[in-house]
Amino acid sequence: MVFPTETVYGLGADATSKAAVAAIYAAKGRPSDNPLIVHVASLEAAVQLAASWPADAEALARAFWPGPLTLVLPRKAGACDPAAAGGTLATIAVRVPGHPVAQALLRAAGIPLAAPSANTSGRPSPTRAADARDDLGRAVAVYLDGGPTHVGLESTVVAVPARGPVEVLRLGGIPFEAIERVVGKAVVRTSAAAGETPAAPGMKYRHYAPVAPVRLLAPEALRQRYEAEPEAAFIVATETGLSGPRVRVPGSRADGAAWAHHLFAMLRDLDSARRTVIYVEAIPEAGLGAAVMDRVRKASQG
Ligand code: TXA
Ligand code: MG
């Protein structure tokens with residue numbers, strides 16, 4: 001079923017069932033080597049799935065759960081095999097979402113739910129129930145509509161190995177700086193370059209892409225493009241001062257959280273309007289601004 005979390009909508013199913021997890025991969029058209037995040041209602045339930053629970057995991061979980069944080073931990077033998085590439089992975093990705101509907105669902109189900117974002121593979125993650133419905137349609141029987149999601153992009157994925165440094169595998173709803181503050185020592189930020197084996201397998205695919213091409217533009221270049229290309233659409237900061245039917249304004253340049261909240265919905269809406277190209281203004285890469293720019297770059301590949 002499709003359900004809201006505070007980040008994006010998820011497509012959830014019993015993480016211990018091979019058939020249920022296979023149905024998720026089929027509905028999304030997702031490559032089978034890309035493992036799923038397992039969602040549970042509480043920190044205590046998350047600990048049950050891990051083979052070890054390092055002090056850094058405890059600190060991060062206490063600071064950010066329930067919330068937009070996913071921990072990649074050593075996996076307890078047999079825990080949610082279907083979500084961990086058929087049991088071949090030594091790790092498991094676990095998250096305790098804070099959205100009240102997600103919490104109620106997890107508590108009622110009483111089982112861990114494997115849930116990727118509820119989009120067709122390669123499309124922007126859905127931040128509204130209708131977006132998930134547009135992508136997945138009748139392949140999914142139940143949609144829980146909790147209104148627009150609050151954060152608007154996915155959870156921050158953080159690997160906490162039994163030994164060695166903590167590593168941020170995917171930027172997301174918790175800023176990198178906040179992770180570092182809680183860990184209290186240097187945190188690695190992995191960005192998988194082409195050809196490397198990415199630590200979060202999902203990062204190697206083109207992502208978050210609408211049908212119209214997406215291009216990142218420096219603030220200085222925007223106005224001239226706006227005048228030169230009457231069919232192009234624009235997502236720009238308040239300070240840029242553009243307006244009109246082909247312009248969307250998520251917020252100020254400094255307000256990464258507002259950009260995160262609006263980005264995917266705006267990409268989808270402009271895409272439905274069949275623009276030739278969607279230009280997105282480059283904003284400062286601090287706080288959630290870094291995660292926003294990560295998603296825009298991925299959307300603009302290819
Ligand atoms: O906010 C979110 O995280 C949303 C909501 C629904 O919870 N879920 C989500 O799931 O974004 P998905 O499947 O779209 O992205 C999960 C990412 C992928 O890049 C995947 O490769 C990575 O997490 N991942 C999952 N299990 C992993 C593991 N054991 N080790 C490393 N990366 C893992
Ligand atoms: Mg996804």
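The values are calculated or read from the model by the stated rules, or taken from the named source; none is laboratory data. None of the values given here were measured: they were computed from a predicted structure. Here the Cβ positions follow ideal geometry from the backbone for every residue, glycine too, while neighbour counts run over all protein chains shown. Ligands, DNA and RNA are excluded from the accessible area calculation, which covers all protein heavy atoms including side chains. Shrake-Rupley method; radii C 1.70, N 1.55, O 1.52, S 1.80 Å.
For the range 6-32, taking the residues that are part of a loop (DSSP other than H, G, I, E, B), within 9 Å of ligand 1 (Cβ to nearest atom) and out of contact with any Gly (no Cβ under 8 Å at 6 or more places or on another chain), the one that is least open to solvent (accessible area, probe 1.4 Å) is identified as 12.
Of the numbered conditions (1) within 12 Å of ligand 1 (Cβ to nearest atom); (2) surrounded by fewer than 23 Cβ atoms within 10 Å (Cβ to Cβ); (3) modelled with pLDDT of 95 or more, residue 125 fails exactly one; give the number of that condition. Only one criterion in (1) within 12 Å of ligand 1 (Cβ to nearest atom); (2) surrounded by fewer than 23 Cβ atoms within 10 Å (Cβ to Cβ); (3) modelled with pLDDT of 95 or more is unmet by residue 125, namely (2).
Considering the range 128-166, and only residues there that are part of a loop (DSSP other than H, G, I, E, B), open to solvent by less than 10 Å² (accessible area, probe 1.4 Å) and touching a helix residue (DSSP H, G or I) at 6+ places or on another chain (Cβ under 7 Å), the residue that is farthest from residue 179 (Cα to Cα) turns out to be 152. I'm checking my understanding of the structure. Among residues of the range 261-291 that are in contact (Cβ under 8 Å) with a residue 40 or more places away in the chain, among the charged types (D, E, K, R) and part of a loop (DSSP other than H, G, I, E, B), which one is surrounded by the most Cβ atoms within 10 Å (Cβ to Cβ)? That would be 275.
Within the range 109-131, residues that are over 17 Å from residue 27 (Cβ atoms) and of a type in the set (Gly, Ala, Ser) sit with their Cβ atoms under 9 Å from residues that are more than 9 Å from ligand 2 (Cβ to nearest atom) and part of a loop (DSSP other than H, G, I, E, B), at 6+ positions apart or across chains, in these pairs: 109/12; 109/41; 110/41. Taking every residue in the range 9-37 that is closer than 11 Å to residue 140 by Cβ and touching a residue at least 60 places away in the same chain (Cβ under 8 Å) and pairing it with any residue that is open to solvent by 30 Å² or more (accessible area, probe 1.4 Å) and charged (D, E, K, R), at least 6 positions away or on another chain, the pairs with Cβ-Cβ distances below 8 Å are 9/128; 24/30.
The rows are residues; the columns are (1) within 22 Å of the chain's Cα centre (by Cα); (2) modelled with pLDDT of 95 or more.
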| position | (1), (2) |
| --- | --- |
| 228 | no, yes |
| 235 | yes, yes |
| 239 | no, yes |
| 249 | yes, yes |
| 256 | yes, yes |
| 280 | yes, yes |
| 288 | yes, yes |
| 293 | yes, yes |
| 299 | yes, no |
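Let's see how each residue does on (1) within 15 Å of ligand 1 (Cβ to nearest atom); (2) modelled with pLDDT of 95 or more; (3) closer than 14 Å to residue 1 by Cβ:
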{"position": "105", "(1), (2), (3)": "yes, yes, yes"}
{"position": "108", "(1), (2), (3)": "no, yes, yes"}
{"position": "111", "(1), (2), (3)": "no, yes, yes"}
{"position": "134", "(1), (2), (3)": "no, yes, no"}
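Taken over the range 1-44, the criterion of being at pLDDT below 95 and out of contact with any Pro (no Cβ under 7 Å at 6 or more places or on another chain) is satisfied by 29, 31, 32. The residues of the range 88-104 that are hydrophobic (A, V, I, L, M, F, W, C) and either in a loop (DSSP other than H, G, I, E, B) or crowded, with 23+ Cβ neighbours inside 10 Å (or both), listed by number, are 89, 90, 92, 93, 94, 96, 102.
Among residues of the range 140-159 that are more than 8 Å from ligand 1 (Cβ to nearest atom), those with a beta-carbon under 9 Å from a residue that is open to solvent by 50 Å² or more (accessible area, probe 1.4 Å) and assigned to a strand (DSSP E or B) at least six positions away or on a different chain give the pairs 158/167. Here is the figure for the range 167-185: residues that are aliphatic (A, V, I, L, M) and part of a loop (DSSP other than H, G, I, E, B) total 2. Checked against the criteria, residue 85 does not count as more than 19 Å from residue 132 (Cβ to Cβ), buried (at least 16 other Cβ atoms within 10 Å of the Cβ) and not acidic (Asp, Glu).
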